[in-house]
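This report concerns only the one structure given below.
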Ligand code: F6P
């Protein structure tokens, strides 16, 4: 048992539904189980640049936040104390202020910090740990693409939102005999597209892991027409790799729009595109994400009590475990193109544009 009296907690990177569940659980467990004080650090590690902005989190502060999306602590996906950007005399200057950040944590009386974040935040947490900060991590991303954990909170809510959107597009697509393209999130991995696509009964799913061509995609539309189906739902992950025939298109446009334009050009069909964007990151977390967030929050507090600094909680074989942050960062979990889920999708006629 380590000598801890006060812990800090911060959220970094893009938000995800369930962050408040983690904060609430960590605050409650720290106070009720260990009698520690908790300091809320605003906007990720940036909050330690201005320690006066940090404030104590009491049981009252976390009351009622479980169903709320976002994070009550605020977040940023830009701040990095090892390469902090400022403007001095009109010039951009990049400085390493990690020493200040650690000193400020100590000034606040913080003995250990829970850093909740994605891969980028975990890299920073690991480097701060190497510099002497007692830190534990909680993994977060709606993309569900971290190797070290079977699931991240936020993913379940995101696929509910995306599935609901696909369901709604289904009825209008069918009425108008249209091709509906839905772009969902997933910068490096196609999990949201694959799972929401299957759940929403999509006909074509394009993901970064499976190279596609517009020709093959359009052949799928024609095949559906031969069966008498006059509408098609195409789910596109934002991180797809463009095929050679689309390389000339301007990438500043949402990729879903590019796919939509390419389909209408080749198949001469009426196409409509919906880009779901940050809607998938917002809103109230699903029961699954609330439960996983709660388990991660308690797990992180227990990890501090056990002296497991430099580690991150994760879900493995349905249990909360810990892995070293060093082992977890930079290792992506992508969709296996030959895996069981893709094979199941293909077996029911879903096309991948290949
Ligand atoms: O990693 C989560 C994620 O939502 C990605 O799917 C997406 O590409 C990215 O964050 C968007 O980030 P931002 O909030 O900076 O637009």
Just name the residue that is farthest from residue 296 (Cα to Cα) out of those in the range 117-155 that are within 12 Å of the ligand (Cβ to nearest atom) and in a helix (DSSP H, G or I).
120
Got at least one residue in the range 175-183 being within 16 Å of the ligand (Cβ to nearest atom) and not assigned by TED's automatic domain parsing to the domain that holds residue 69?
yes
Are any residues in the range 265-278 surrounded by fewer than 16 Cβ atoms within 10 Å (Cβ to Cβ) and modelled with pLDDT of 95 or more, and if so, which ones?
272, 277, 278
Among the residues of the range 103-116, are any outside any strand (DSSP E or B), at positive phi and within 16 Å of the ligand (Cβ to nearest atom)?
no
Kindly establish whether residue 239 is part of a helix (DSSP H, G or I), assigned by TED's automatic domain parsing to the domain that holds residue 160 and within 16 Å of the ligand (Cβ to nearest atom).
no
In this structure, does residue 290 turn out to be at pLDDT 95 or above, farther than 23 Å from residue 198 by Cα, touching a helix residue (DSSP H, G or I) at 6+ places or on another chain (Cβ under 6 Å) and away from the ligand (no atom under 16 Å from the Cβ)?
yes
When the residues of the range 7-26 are narrowed to those that are in a strand (DSSP E or B) and closer than 11 Å to residue 304 by Cβ, which ends up nearest to the ligand (Cβ to nearest atom)?
9
Taking the range 156-173 as the region of interest, how many residues are more than 10 Å from the ligand (Cβ to nearest atom) and under 23 Å from residue 20 (Cβ atoms)?
8
Residue 79 in contact with a helix residue (DSSP H, G or I) (Cβ under 9 Å, 6 or more places away or on another chain) and assigned to a loop (DSSP other than H, G, I, E, B)
yes
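The values are calculated or read from the model by the stated rules, or taken from the named source; none is laboratory data. A quick note: this is a predicted structure, and the numbers were derived from the prediction, not measured. Here the Cβ is made from the backbone with ideal geometry for all residues, glycine too, and neighbour counts use every protein chain on show.
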